[in-house]
Each structure stands twice: as C-alpha cells, then as structure tokens.
Amino acid sequence: MKARYQGVFPVAPTIFTEDGALDLDGQRRCLDFMIDAGSQGICIHANYSEQFALGDDERELITRTTLEHVAGRVPVIVTTSHFSSRICAERNRHAQALGAAMVMVMPPYHGATFRVSEAQIQAFFEEVTGGLDIPLMIQDAPASGTTLSAPFLAKLARQIEALSYFKIETAGAASKLRELIALGGEAIEGPWDGEEGITLLADLDAGATGAMTGGGYPDGIRQITDAYFAGNRDEACTQYARWLPLINYENRQAGFLTAKALMMAGGVIACDKARAPWPELHPQVRAGLLEVARWLDPLVLRWGR
C-alpha cells in the first residue's frame, strides 16, 4: 500500500491570551510558522494541544479556523478522541466534512480506572470509522492507560478498512512498530513515531514513515527524517545527535509548553501560557530550554523578529 501521508506532522499548540481566552490571531500565526518551518502536515486537538482544557464549542472554532486558514497548504489531522463511540463518530464525520485529511483517536478510557475490554475497543473503532472516507490513526499512548498489543492493532487494521495509521508512543516503541508492520503487512499504511521524537531514530529503523512531534522546531526534525528517507542514515544519525538535547528538553523538562515558549521567544505568539490549573514554566526550565534552542538556531526563534 502506498502511504497517503508521511513525514513530519507536528502537533499545533492551542494559543491563549493572558486571561485564558482563545487567541485566534495567535493561532493563525502559529500555523503559518509551522508551515514555513517545513511541517508536512499538522495535527490539532492532540494532548500537546491541551485538548483536555477545551470546551466543545472551542474545539469546533479551532477546527474551522485551522482548516480555513491552512486552506490545503498541508494536510490537517484532527484529533477526535472521546470515551463515547457515538460522540467520537460524530466528531469524525464533522472533521471530514470540514476538510480534515485524517482523524486521530485514542482508545476509550476515562480517569484512572474506567477501561473496556478488547472486544469493546474493537466495537468502538468499528463504530467511529463508520462513514469515513479518510484514514483514522490510533494514538497508542501511555496517557490512556490502555494496553493495545501489536497483534490486536494488526487485527484491527486488517478488519477495519479506514483504520490504517498508528502513532506508537509506548515503551519499546521501535519493537512494537516492527512487530506491528510484520503482523499487519499492507494493512499498516502509516506506522508513525510520536512522543516528541525521543525515540525517532530507532523508530525510523523499525519502519516508521511518519513522525508526530511537538510544533516548535519541525525544521530540525526534518533534518533527521529527510536524510533518513533519502537513504543517508549516517547524516540522519548526525542530525539526531545534534537535535537530541532539545528533543530531550521538550520530552523530559518543558513538555507541551515547549512549542509555545519557543514561539513566544521568537515573536510568533504573544502569550505562552497554558490554561489554569496547569502551572507556567519554571524560569530555570524556560532559560534552559531557550539556551539549548539558541545553540541550534531553529526558525522559530527568528520567524517573528
């Protein structure tokens, strides 16, 4: 199967004002920067977009704003995760109608303990793909607390036509990607890396064809993936080693506020705050992040200046 989408598809942060309101002008500037920085696609409403802090009306507004502003310049993936298969299915069809290229969904979960069986997870994905002409990506992430084995994911891919992309973020991601590809064969259209690219090189070696990272420095991630996909693994290794300190700082220190902190430092946006009760970056964490970033000179620090 020829993959419809591959490459670097970073997560767009949600931009707020100082008082926590949506900043749609800032959101548009964020999208413009991400495209200028080489994003081959963009994902919205992911966990790194703070989707858990948005109301349904805000999700709708951001989805429309994003798809209208991007206007086909790059494909847009809309995350539609919800515990309810009915609501998730409605979100999927709506995103498709607005022009989304793909939807991304986590398995159904709620809180620390509400989980369902594999049979119910399969029924969930059968329902939420109903009426879809665009692919669905399963986000296999620790945040759900749900174990999705490679054999089970391969089974879903073989049995549900729209379900063909997989973002693997669990421990041992490369091994899981390798097993998933071996078991699923042509049903696995898009085996993707996630978790800010912290295991990117190993995941590429395992067969990953896409990377969904943070949105702050897609130009840096492209230096790794472009070299790798061109068959120059040595250069990919060199670039991975070069960018790894910043990738590590995002993955282990600054988290989903990384992209916004970099964007504010570079004049892309005016405010890098999350919504309460999430705390602001500690000043030392911010300083360390920007110090590492300046060594690499990513576009984000120059784009708005």
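Residues of region 15-61 being touching a Phe, Trp or Tyr at 6+ places or on another chain (Cβ under 9 Å) and assigned to a strand (DSSP E or B), which ones?
The answer is 22, 42, 43.
Answer yes if at least one residue in region 132-154 is among the small types (Gly, Ala, Ser), crowded, with 18+ Cβ neighbours inside 10 Å and either at pLDDT 95 or above or in contact with a His (Cβ under 6 Å, 6 or more places away or on another chain) (or both), and no otherwise.
There is at least one residue in region 132-154 that is among the small types (Gly, Ala, Ser), crowded, with 18+ Cβ neighbours inside 10 Å and either at pLDDT 95 or above or in contact with a His (Cβ under 6 Å, 6 or more places away or on another chain) (or both).
Could you please find all residues in region 267-291 being closer than 18 Å to residue 10 by Cβ and either in contact with a Ser or Thr (Cβ under 7 Å, 6 or more places away or on another chain) or not in a loop (DSSP other than H, G, I, E, B) (or both)?
289 - this is the single residue of region 267-291 that is closer than 18 Å to residue 10 by Cβ and either in contact with a Ser or Thr (Cβ under 7 Å, 6 or more places away or on another chain) or not in a loop (DSSP other than H, G, I, E, B) (or both).
Here are the criteria: (1) without any contact (Cβ under 8 Å) to a residue 40 or more places away in the chain; (2) surrounded by fewer than 22 Cβ atoms within 10 Å (Cβ to Cβ). Tell me which single one residue 189 does not satisfy.
(1)
Check 134, 221, 121 and return the single one that is in a helix (DSSP H, G or I), under 26 Å from residue 74 (Cα atoms) and among the β-branched types (Val, Ile, Thr).
Testing whether each residue is in a helix (DSSP H, G or I), under 26 Å from residue 74 (Cα atoms) and among the β-branched types (Val, Ile, Thr) leaves just 221.
Considering 4, 29, which residue is in contact (Cβ under 8 Å) with a residue 24 or more places away in the chain, of a type in the set (D, E, K, R) and over 24 Å from residue 168 (Cα atoms)?
After applying the criteria, what remains is 29.
Residues in region 147-154: is at least one in contact with a helix residue (DSSP H, G or I) (Cβ under 7 Å, 6 or more places away or on another chain) and either outside any helix (DSSP H, G or I) or without any contact (Cβ under 8 Å) to a residue 12 or more places away in the chain (or both)?
no
Please enumerate the residues belonging to region 1-35 that are among the aliphatic types (A, V, I, L, M), within 30 Å of residue 227 (Cβ to Cβ), touching a Gly at 6+ places or on another chain (Cβ under 6 Å) and at pLDDT 95 or above.
11, 12, 34 - these are the residues of region 1-35 that are among the aliphatic types (A, V, I, L, M), within 30 Å of residue 227 (Cβ to Cβ), touching a Gly at 6+ places or on another chain (Cβ under 6 Å) and at pLDDT 95 or above.
Considering only region 163-186, how many residues are touching a Ser or Thr at 6+ places or on another chain (Cβ under 7 Å), small (Gly, Ala, Ser) and crowded, with 20+ Cβ neighbours inside 10 Å?
1
The values are calculated or read from the model by the stated rules, or taken from the named source; none is laboratory data. Every value quoted in this text rests on a predicted model; they were computed, and no experiment measured them. Cβ sites come from the backbone with ideal geometry, for glycine too, and all protein chains shown count toward neighbours.
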